[in-house]
Structure formats: C-alpha cells, structure tokens
Amino acid sequence: MKRGSDDLNLYSTSPNSVTANGNDSSKKLRVEDRMESPPSRVLHIRKLPSEVSETEVIALGLPFGKVTNILMLKGKNQAFLELGTEEAAVTMVNYYTAVMPQVRNVPVFIQFSNHKELKTDSTLNQRAQAVLQAVSAVQDGGSPNSDNSTLDSVLAHAPSPVLRIIIDNMFYPVTLDVLQQIFSKFGTVMKIITFTKNNQFQALLQFSEPVNAQQARLSLDGQNIYNSCCTLRIDFSKLVNLNVKYNNDKSRDYTRPELPAGDGQPAVDPAMAAAYNKDSSLLGTPSGMGAPYSNGGGFQSSLSQGGGAINPMSAAAAAAAAAGRMALSGHSGCSGVLLVSNLNEEMVTPQSLFTLFGVYGDAQRVKILYNKKDSALIQMSDGNQAQLAMSHLNGQKMYGKIIRVTLSKHQAVQLPREGLDDQGLTKDFTNSPLHRFKKPGSKNFQNIFPPSATLHLSNVPFGLDREDVTEEDLRLLFSNAGGIVKAFKFFQGHKMALLQMSTVEEAIQALMDLHNYDMGSNHHLKVSFSKSTI
C-alpha cells in the first residue's frame with residue numbers, strides 16, 4: 001500500500017494543515033508530495049462508494065482509537081480522517097495494509113496524509129461534524145450533547161421515534177437484548193420487534209423521543225455490531241408507535257413487563273401487518289435469532305461491550321477478525337460441538353450433515369450416535385460457528401422431520417478407536433477441500449443467510465460449446481433431488497443462477513444432495529442459500 005499521495009487540488013499545499021475553504025484550488029501538489037509520507041494522524045481515504053455516509057468512514061477508524069475530525073469530499077469519492085494520536089493512525093494503516101479495507105463491499109484505499117492536522121470549515125462540513133460529535137460522545141461513554149447548535153440543526157426534524165434496522169453481513173446472531181443494549185446509549189428504548197424479511201434480519205425499535213432516534217441513527221448507521229460483520233443499516237420507519245403483544249425473544253415492550261410470553265404465537269399483532277404494508281421494507285414473518293456473542297476471545301464486540309457503545313480493539317484482533325481467522329475456542333460456555341436430534345435416521349448421513357452445517361462454518365467431525373441414530377454430534381471449527389449454525393438450523397425441516405440443534409457438553413467429537421468399525425457413522429472432515437471458510441477473507445463470509453427456498457448456484461459450466469449447462473439441465477437436476485423447481489434465473493454470464501424450490505425443506509435437501517455435484521469439465525456446482533427472490 002502506497003502512502004502519502006494527497007492528490008487533491010482543493011487544499012493548501014502547506015504540510016502542516018489541510019483546510020476546507022478551497023482557496024488554493026488552483027495549486028497542484030508537487031511530484032515529491034506524492035511520494036511516501038511520514039506517519040501522520042491524518043489519513044487520506046480514496047475510492048469511496050458514492051453513497052457513503054460519514055458514519056461509515058468514521059467506522060473505519062473507530063477500532064483503532066478516538067476519531068477527532070473528518071472531512072468528506074463526496075464529489076471526489078474521498079475523505080480525510082483525523083485520529084487522536086499518530087500511534088492510532090499507524091496501527092490503522094498497518095492493519096489495512098494486511099487486510100483490504102472495504103466500505104459497502106467496495107475496496108477503498110487508506111494512506112497517510114501529507115498533512116499533520118485537519119482544519120475544517122464548519123459551514124462546509126456541518127453534517128460530518130454533527131455525526132462525529134454524536135459518535136464521539138458515545139465513544140467516551142456519555143450521551144450525545146444536544147445543546148450544540150450544529151447538532152441541534154441536524155436533529156431538528158426527526159420524523160419518527162421508530163427506527164427500522166437492517167443487519168447486513170450477519171455472520172453472528174443479533175438478539176433483541178443486544179439491540180437494546182446498543183441503542184439505549186441514546187435514550188429510553190420503549191419497544192423492539194424483530195423479524196425477517198427476504199431472509200434478512202430486521203428490527204423495529206421505538207425510542208421515547210424522536211430526537212433520540214435521530215441521534216442513534218446518526219451515530220450507528222453503518223457501524224458493525226461485531227468486528228467486520230453485522231453491519232447496521234438504519235432509517236426511520238413510517239410507523240410512529242409499535243403495538244407489541246408479547247414479551248419474548250422476538251418482541252419486547254419495556255413499558256409493559258406484565259405482557260405474556262406468547263410461546264408459539266406471532267410476536268406482532270395481526271393489526272400491525274397492515275401498518276407494515278405502508279412501510280415498504282417491513283414485510284415478513286417475525287423471527288427471533290440465537291444467543292449473542294458477548295466475548296469471543298480476541299474477537300470483541302465492537303458495539304455491545306463495555307461502558308461506551310464502541311470500544312477500541314487491538315489491531316491483531318481486528319486483522320484476525322476481518323481476515324476470517326476465527327480461532328475462538330475461548331468463547332465462554334461454548335465448545336463448538338453441537339448435538340442435533342430428531343433426525344430422519346433412514347436418510348441422514350455424516351456427509352449430508354457436513355454439507356448442511358458447512359453453510360455456517362467449517363464442520364470438522366460428524367458422528368451419528370450408534371445407539372441413537374436419530375441424533376448426531378457435529379464439531380465446528382469454533383464456538384461462534386456452532387452458535388451461528390444453531391441459530392439458523394434449529395427448527396428447520398430436514399428429510400420430513402423438524403430437527404433440534406443445541407450446544408453439546410462434549411468438547412470434541414472422538415474418532416472410533418483404531419480397528420473398530422462403527423459402520424461409517426463417524427467421519428473426520430478436518431482436511432476436506434469443501435470447507436467454505438478456510439480461506440482468510442473469503443467472500444463466503446459475506447454471503448451467509450438463513451435457509452430459504454431460493455438457492456444460489458455458482459461454478460456453472462458455460463462457454464464450453466456443447467458442454468454448456470442449460471436452464472433445463474439444472475431444473476431437471478434439482479427436480480430429481482426431490483422437489484419442484486418454481487423459478488429460475490441465470491446471471492453473471494450464465495455462470496451463476498438463482499433457483500427457487502417450492503419449500504425451504506426441498507431447498508435444504510437439494511443443497512445437501514447437489515453441493516459439489518460434478519457437472520463435468522472439472523466444474524463442481526456450488527450451492528448456497530440466497531437472500532434474493534426470483
């Protein structure tokens with residue numbers, strides 16, 4: 001990564017400061033200014049997505065220390081970020097030299113600036129400064145200061161006390177309690193409803209005052225709940241009041257603790273469905289998620305731990321997290337071994353369990369119990385992957401039976417003693433080439449979704465003349481796996497496709513049967529669940 005190429009002609013070429021007044025816009029930086037610069041607490045960020053928010057840029061620096069200033073240049077897709085210390089900036093640059101920084105899944109470039117401090121004109125940078133103030137207050141463990149006139153001007157017209165929250169890149173479960181802990185930093189959280197729509201985890205969260213909702217949105221939109229994943233996308237709901245019927249893991253009214261749990265009942269009052277229809281992104285069946293990750297060894301929570309909403313983490317932990325190296329066996333109370341019960345013992349095999357649970361982590365060993373063949377132990381790479389698989393697969397229907405997935409007390413799955421034949425009920429997949437998450441930084445980390453009727457197919461042979469695979473070939477292949485193909489769509493030049501089965505159960509079975517299916521020409525079909533619909 002090259003450093004020190006502030007190739008903007010908006011700024012004074014003084015090496016000591018950069019200003020936002022544009023007075024020296026006619027001056028070009030000298031060639032030597034483009035060479036490597038010494039460390040500076042001001043960082044120059046380039047090639048940002050055009051719709052990037054101030055919060056998303058600030059989020060790049062927050063894990064490494066306090067962010068003291070920001071200057072957005074949206075017209076140039078660039079920004080300057082000033083950290084509290086030079087040491088924090090050095091740590092950030094070193095980390096992002098090893099791990100490509102991304103904003104909205106777009107690679108960006110970070111380097112030291114030639115400038116030693118950032119002097120911004122408040123009239124040109126008002127919104128960014130308001131966001132920075134709100135975030136900084138939370139980072140310090142306090143609450144945003146609404147006395148400031150700049151912040152007041154941004155907060156003046158909050159349309160609703162209800163926020164719509166979408167979790168992108170949801171590698172770990174996010175619970176109602178985690179959301180309450182994060183958002184209560186900004187004011188009184190009165191009600192929360194969680195649900196899924198289009199296989200995406202969402203929530204409605206109501207504050208006591210609209211200004212609190214605005215403060216939370218300014219500070220948290222674009223932030224990650226956990227390092228490098230579980231990104232918050234926050235907007236205002238068109239609803240102004242939530243009607244919660246039950247207090248359970250899917251919905252909560254903190255003003256009415258006497259509400260029943262309503263086990264097995266929808267978390268949302270049927271009357272709310274009509275209101276959801278008015279809110280274009282709020283359709284879907286309410287759905288709860290699994291347990292939170294309070295502390296996975298070095299994989300700290302970015303938002304949900306400690307006194308402030310956002311805590312610094314070590315660069316090593318950040319690098320390991322973002323690169324997908326998740327050696328998190330230190331996760332409290334979770335060994336990484338799952339107990340799966342109520343299996344169809346006539347149909348299930350170690351291979352089918354490996355393939356299904358491998359969607360959510362790298363399954364190392366699978367053991368179907370000799371004396372209870374409707375149950376199995378599955379050893380994942382670590383406790384976090386086990387929790388993720390449990391949250392997505394518990395209660396799913398597999399081979400006609402609703403399976404139960406819980407954490408096992410076993411620390412590992414034991415292989416049969418040498419010379420002992422256990423009829424193929426135990427299999428070691430440690431060295432399998434089919435692990436989806438073994439490669440650090442793999443895009444598979446960004447494409448983990450709950451089981452759905454729509455499957456994403458990749459590595460489809462195409463451009464090989466008569467060996468090309470057609471839509472009819474794939475429809476027939478998946479129909480033969482047991483089910484009805486309702487819809488199909490090729491994309492990416494026919495090398496990828498979306499295929500919709502009639503039920504989620506059929507999609508699960510098709511994935512187990514056809515992931516890594518040999519299509520010929522050295523092409524093995526890759527199958528995963530999709531959040532899209534056709």
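The values are calculated or read from the model by the stated rules, or taken from the named source; none is laboratory data. Bear in mind that the values here come from a model prediction, so they are computed numbers and not experimental data. No Cβ is skipped: glycine too gets one built from the backbone with ideal geometry, and neighbour counts run over all protein chains shown. Accessible surface is based on the protein model in full, side chains and every heavy atom, while ligands, DNA and RNA are left aside. Shrake-Rupley method; radii C 1.70, N 1.55, O 1.52, S 1.80 Å.
Side notes on the structure shown:
- Rounded to the nearest 10 square angstrom, residue 531 shows an accessible area of 80 square angstrom against a 1.4 Å probe.
- Chain lengthening between residue 254 and residue 349 when straightened (0.36 nm per residue, less Cα-Cα): 29.7 nm
- Per residue accessible area in Å² of segment 363-427, where ligands, DNA and RNA are left out and the probe is 1.4 Å: 52
- Probe 1.4 Å, protein heavy atoms only - accessible area per residue of segment 483-532 in square angstrom: 45
- Accessible area of segment 337-435 belonging to carbon and sulfur atoms, whole % at 1.4 Å probe: 47
- Relative to the Cα centre, the charge distribution of segment 445-529, modelled as +1 at Lys and Arg Cβ and -1 at Asp and Glu Cβ, gives a dipole magnitude of about 260 debye.
- Just the protein heavy atoms count here, and of the accessible area of segment 445-529 at 1.4 Å, carbon and sulfur take up 47 percent.
- Segment 42-136 - accessible surface per residue (Å², probe 1.4 Å): 37
- If you plug the beta carbon distance of residue 521 and residue 342 into 1/(1 + (r/R0)^6) with R0 = 30 Å, you get a FRET efficiency near 0.15.
- With the simple model of a label 7 Å out from the Cα in the direction of the Cβ, residue 209 to residue 486 spans 4.7 nm.
- For the peptides 246-258, 374-386, the ranking by mean Cβ contacts within 10 Å, running from highest to lowest, is 374-386, 246-258.
- Label point distance in nm, residue 412-residue 87, each placed 7 Å from Cα along Cα→Cβ: 3.9
- The Cα atoms of segment 189-239 give a gyration tensor whose axes a ≥ b ≥ c have a/c of 1.5 or more with a/b no greater than b/c, which makes the shape oblate.
- Cβ-Cβ distance of residue 373 and residue 261, R₀ of 35 Å, FRET efficiency by 1/(1 + (r/R0)^6): the value works out to about 0.55.
- Sorting the segments 446-457, 353-364 by their residues' average number of neighbouring beta-carbon atoms within 10 angstrom, most packed first, yields 353-364, 446-457.
- Entries of 47/526; 367/531; 443/495; 47/119; 439/495 with Cα pairs more than 24 Å apart: 47/526; 367/531
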